[in-house]
Amino acid sequence: MTDDSIGAFRDELIDSGLVIDAGVEGLYGRTLAYEEIVSGIIALTTRTGAGDGAMAVHFPPLIPRWLLERTDYLKSFPDLTGSVHTFGGDDKRHARLLALVDGGHDWVEVLEPAEVVLRPAACHPVYPLCTGGPLPTQGRRFEVQGWCFRHEPSADPARMLCFRMHEFVYVGDPDGAGAHSELWLKRGAEMFESMGLDVDVVVANDPFFGRAGKFLAANQLDDALKLEFVSPVSSTETRTAIGSVNRHQDHFGLTFGIESADGEVAHSACFAVGVDRTALALLKRHGLDPGRWPAEVRARLWP
Ligand code: AMP
Ligand code: ZN
C-alpha cells in the first residue's frame, strides 16, 4: 500500500461530500449521506445479536479517570490516551490564559485535568456494572455502542481520532466467554459478508506500548486472544481491521473484582464492530454513491 493510494481515498471521501476535514489529521465531520450508512451498519449489528438477551446500554464518550486506571489502559496504551482538561482559575489566571492565546503560545498549561478522560473502547463502562456479588448462571450480556477516542493521528482515513464502535460483550464463566467468542467469529464474518465485504479472520495483537508491551503482544498472539476481521478499506492491496473478537480471560474480572456464578473470577469476551471503518470498507467496495450499491447490500443495510 502506498501513501498515495491512502491519500487518494481520503481525497475521494472528502470530494464526494460524505466526509469533512475537521481541521486536524484524523478528525472528520460526516454528512447525512455518510450517517445513513452508519445507521444501517448499527441496525444490522443490533439485528444480528437480537435474541441473546443482551442489555442495550449507551454511555457518553467520556469515562471517569478511575475507570481508565482500573482497565490498565495507561499501562498498555499510554500513547493512545486522551485526557480532558478544564479551566478552574480566577480572573488573574483567566487574563494569563487570554494573553497566552493572543500571543500564539501554548495555553494548555493554564488548564487542569478534569475527573474524566476520553473513552478508548465502547465496552469499558460495562464492567463496573457487574460487581457487587456473583453473576447469574448464564452470565451477563451487554450491547454497547458509541464514540471512542484513540490518539493515533494519520493521513489514512481509516485511522481516525474519533470513531464509533458497536460491541456485544459477555461477562461470566470461561466456557461462556469461549462460546461467545466462537459464536461471534462466525456471526461477525457472516454479517460482514452479507454486506458484500471480502473479509478474512486473522490472529492479531494490540499495539501495546514500550518494551514490556512486546511480551504482552507476543502472549496475545500465542494464545490467539484477539482475532480481527480484516478487509480492504483505504487500499485494495492491504487489509485493515473492521471488527474484532477479544478474549480478555480474567483481566476485567480481576481488576474489577467480578465473580462468576460459582464464585470464581469472571472471564469476559467482546465482539466489536468498527462502525466507521465498516462504512469506509463499504464505500471502497461498492463505490462512493450508496444509491448505486447492489440491491441485496442495500436491502441488508436498509430493509
Ligand atoms: P479494537 O478494540 O482495537 O479491536 O477495536 C475495535 C475496532 O474498532 C477495530 O477492529 C477497528 O475496526 C475499530 N478501530 C480501532 N481503532 C480505530 C481508529 N483509530 N479509527 C477507526 N476505527 C478504529
Ligand atoms: Zn470490547
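The values are calculated or read from the model by the stated rules, or taken from the named source; none is laboratory data. Computed from a predicted structure; not experimentally measured. Every residue, glycine among them, receives a Cβ derived from its backbone with ideal geometry; neighbour counts consider all protein chains shown.
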query = Quick one: Val202 ticks every box in (1) surrounded by fewer than 16 Cβ atoms within 10 Å (Cβ to Cβ); (2) away from ligand 2 (no atom under 16 Å from the Cβ); (3) not in a strand (DSSP E or B) bar one, so which box is it?
reply = (3)
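Considering Gly29, Gly51, which residue is exposed (fewer than 13 other Cβ atoms within 10 Å of the Cβ), under 28 Å from Phe252 (Cβ atoms) and among the small types (Gly, Ala, Ser)?
Gly51
Among the residues in segment 261-275, are any under 19 Å from the mean Cα position of the chain (by Cα) and in a helix (DSSP H, G or I)?
Checked against the condition, which is being under 19 Å from the mean Cα position of the chain (by Cα) and in a helix (DSSP H, G or I), segment 261-275 yields at least one hit.
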request  = Could you grab the pairs with beta carbons closer than 9 Å, sequence gap of 6+ or different chains, first residue in segment 228-240 and farther than 10 Å from Leu197 by Cα, second one among the polar types (S, T, N, Q) and more than 13 Å from ligand 1 (Cβ to nearest atom)?
outcome  = Ser234/Ser5; Ser235/Thr2; Ser235/Ser5; Thr236/Ser5; Glu237/Thr2; Glu237/Ser5
remark   = A careful count of residues in segment 239-269 that are surrounded by fewer than 23 Cβ atoms within 10 Å (Cβ to Cβ), of a type in the set (Val, Ile, Thr) and within 14 Å of ligand 1 (Cβ to nearest atom) gives 1
inquiry  = List the strands (runs of 3 or more DSSP E) inside segment 28-131, counting only whole elements, that have at least 2 residues being more than 29 Å from Ala217 (Cβ to Cβ) and within 16 Å of ligand 2 (Cβ to nearest atom).
reply    = 55-58
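For segment 34-70, how many residues meet the condition of being out of contact with any Gly (no Cβ under 7 Å at 6 or more places or on another chain) and under 30 Å from Glu193 (Cβ atoms)?
24
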request  = For segment 232-243, indicate whether the set of residues that are in a helix (DSSP H, G or I), among the hydroxyl-bearing types (Ser, Thr, Tyr) and at pLDDT 95 or above is non-empty.
outcome  = no
